[in-house]
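Structure record follows, encoded as structure tokens.
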Amino acid sequence: GYSVTADVIFFNPSSDYVVLNIIDNELTGLSYVLTDIQGKVVSNEKINSIHTQLSLERLSVGTYVLKINQNNSELKTFKIIKK
């Protein structure tokens, strides 16, 4: 089993970010892809830490999809709404 959680934290429009918490430290080969609702990739990075902070401050208001991948296969998907 695996466990990946994403805590979405909104302080104010200029400092929005998402914190990814990887509960299972056995997980390796993790990365994330953040896309807009049309599927255009906004950012993607390897996940090297149990707590990964993604800044949303440069993104336009709208809905985004955050996919967590392990060795290029999809592990979990989150929907993020930037207000």
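Condition first: open to solvent by less than 70 Å² (accessible area, probe 1.4 Å), more than 14 Å from Ile80 (Cα to Cα) and part of a loop (DSSP other than H, G, I, E, B). Can you find one or more residues in the range 50-68 that meet it?
So far as the range 50-68 goes, no, none of its residues is open to solvent by less than 70 Å² (accessible area, probe 1.4 Å), more than 14 Å from Ile80 (Cα to Cα) and part of a loop (DSSP other than H, G, I, E, B).
Gln38 - would you say it is free of Cβ contacts under 8 Å to residues at least 60 places away in the same chain, part of a loop (DSSP other than H, G, I, E, B) and either in contact with a helix residue (DSSP H, G or I) (Cβ under 6 Å, 6 or more places away or on another chain) or under 19 Å from Lys83 (Cα atoms) (or both)?
Considered against the rule, which asks whether it is free of Cβ contacts under 8 Å to residues at least 60 places away in the same chain, part of a loop (DSSP other than H, G, I, E, B) and either in contact with a helix residue (DSSP H, G or I) (Cβ under 6 Å, 6 or more places away or on another chain) or under 19 Å from Lys83 (Cα atoms) (or both), Gln38 comes out as yes.
Using beta carbons and a limit of 8 Å, which pairs, at least six apart or on different chains, have the first residue in the range 46-57 and touching a residue at least 40 places away in the same chain (Cβ under 8 Å) and the second one open to solvent by less than 100 Å² (accessible area, probe 1.4 Å) and hydrophobic (A, V, I, L, M, F, W, C)?
Here the result reads Leu56/Val18; Leu56/Ile80, each pair linking the range 46-57 to a residue that is open to solvent by less than 100 Å² (accessible area, probe 1.4 Å) and hydrophobic (A, V, I, L, M, F, W, C).
Could you list, in sequence order, all residues of the range 69-83 that are open to solvent by 90 Å² or more (accessible area, probe 1.4 Å) and at pLDDT 85 or above?
Asn71, Glu74, Lys79 - these are the residues of the range 69-83 that are open to solvent by 90 Å² or more (accessible area, probe 1.4 Å) and at pLDDT 85 or above.
Restricting attention to the range 10-29, does a residue exist that is modelled with pLDDT of 85 or more, assigned to a strand (DSSP E or B) and either within 9 Å of the chain's Cα centre (by Cα) or surrounded by 16 or more Cβ atoms within 10 Å (Cβ to Cβ) (or both)?
no
The values are calculated or read from the model by the stated rules, or taken from the named source; none is laboratory data. This structure is a prediction, so every number in the text was calculated from the model and none was measured. So basically every Cβ, Gly included, is an ideal-geometry build from the backbone, and we count neighbours across all protein chains shown. Please note that ligands, DNA and RNA were not included when accessible areas were found on the heavy atoms of the full protein model with its side chains. Shrake-Rupley method; radii C 1.70, N 1.55, O 1.52, S 1.80 Å.
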